[in-house]
Amino acid sequence: MRFKGLIILYFILISCFCYSKGKDIIIYEAKGYKFPYKLNLPDHKINLPEILEEISGLSYINKKTLLGIQDEKGMLFYIDAKTGKIKEEIKFSKNADFEGVESVNGTIWIIESNGDLHRFKNEKHKKYENFLNEKNNCEGLAYDNKKKQLLIACKAYPYPGKQKGKINEKAIYAFKLKTKKLKKDPVLTIQLDSIRQKLKMNSMAKAGMKILTFLNPSRNDIIFRPSGIAIHPKTRDYYILGSTGNLLVVYSSSGILKAIVKLKSSKFPQAEGICFSPKGKLFISNEGNNNEDSFILTFNPINKK
């Protein structure tokens with residue numbers, strides 16, 4: 001009975017986890033940095049068809065077309081960037097848990113949750129395995145056009161093998177397109193303590209966090225679990241979504257935390273995909289739920305220079 005009671009308490013605390021109320025959704029900005037989007041005021045909402053209810057990845061093709069993927073089918077979906085209608089569907093692989101997609105100079109790359117990368121070009125499919133696995137739960141994929149590499153964001157365990165003492169970290173890895181190899185060391189390590197210290201949590205949330213960590217140390221990451229990643233085309237900053245915790249964090253390419261933004265659940269029920277246009281227009285996709293179908297929100301930068 002005592003164990004059962006702890007389990008019930010565990011889920012109650014998860015449901016009560018929240019932040020102090022405030023008008024500003026900007027939780028943190030580094031000195032001299034100004035977050036360039038108003039995420040509470042989207043410029044456009046693109047409603048998606050039912051087949052993309054579980055849209056898990058998003059990539060920019062051109063001003064008329066976005067590329068999406070959903071986590072149950074080995075399908076690529078070319079989406080009208082204004083209406084949300086499917087312009088084309090292409091089967092690239094058998095069904096699996098696909099979580100991120102990137103278009104790189106005519107080649108499509110897809111990340112599977114177990115860390116496998118899939119390349120699709122000219123109707124040919126090839127899979128690249130690496131040292132990551134299902135325990136890492138890879139959910140984010142981005143393309144770094146300066147360094148010619150893909151970035152993979154791990155939602156769960158940060159490293160391969162034993163994870164003892166590493167539950168307070170999240171990792172981003174780089175896959176070099178020239179060698180087709182995943183670099184051993186992360187290009188970015190996110191310290192959850194650095195985020196936790198800046199969150200405006202109310203007293204209930206702080207107490208709940210302590211109890212959750214005591215009950216199950218592996219849930220120490222409830223404040224932030226990466227679900228998507230993109231690189232800003234002008235600043236080169238890393239924009240990392242966390243559907244768990246409802247946050248967007250911004251890091252410089254050198255690993256400096258620049259911003260933490262709260263994603264209001266009313267506008268972002270489950271943010272999973274993120275990408276930019278070459279001019280810096282931001283796109284964030286949300287999976288559907290019982291109350292609403294999936295959709296994409298677009299945001300123009302505040303400073304349109």
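Values quoted throughout were computed directly from the atomic coordinates according to the rules given, and no laboratory measurement underlies them. Note that this is a predicted model, so its numbers are computed, not measured. Glycine also receives a Cβ, built like all others from the backbone with ideal geometry; neighbour counts cover every protein chain displayed.
Please identify every one of the trypsin sites (Lys or Arg not before Pro) in segment 73-131 that sits in a loop by DSSP and has no more than 10 other beta carbons within 10 Å of its own beta carbon.
K94
Sorted from fewest to most neighbouring beta carbons within 10 Å, what does the list H232, H44 look like?
Fewest-to-most ranking of H232, H44: H44, H232.
Sorted from fewest to most neighbouring beta carbons within 10 Å, what does the list I195, I111, I302 look like?
Ordered from fewest to most neighbouring Cβ atoms within 10 Å, I195, I111, I302 come out as I302, I195, I111.
What pairs from K85/K262; K34/K155; K85/K124; K82/K281; K38/K183 go past 23 Å between their alpha carbons?
Cα-Cα > 23 Å for K85/K262; K34/K155; K85/K124; K38/K183; rest within.
If r is the Cβ-Cβ distance from K34 to K198 and R0 is 22 Å, what FRET efficiency results, to the nearest 0.05?
Here the calculated transfer efficiency is 0.85.
Given points 7 Å out from each Cα along the Cα-Cβ axis, report the K135 to K64 separation in nanometres with one decimal.
It works out to 4.8 nm between the two label points.
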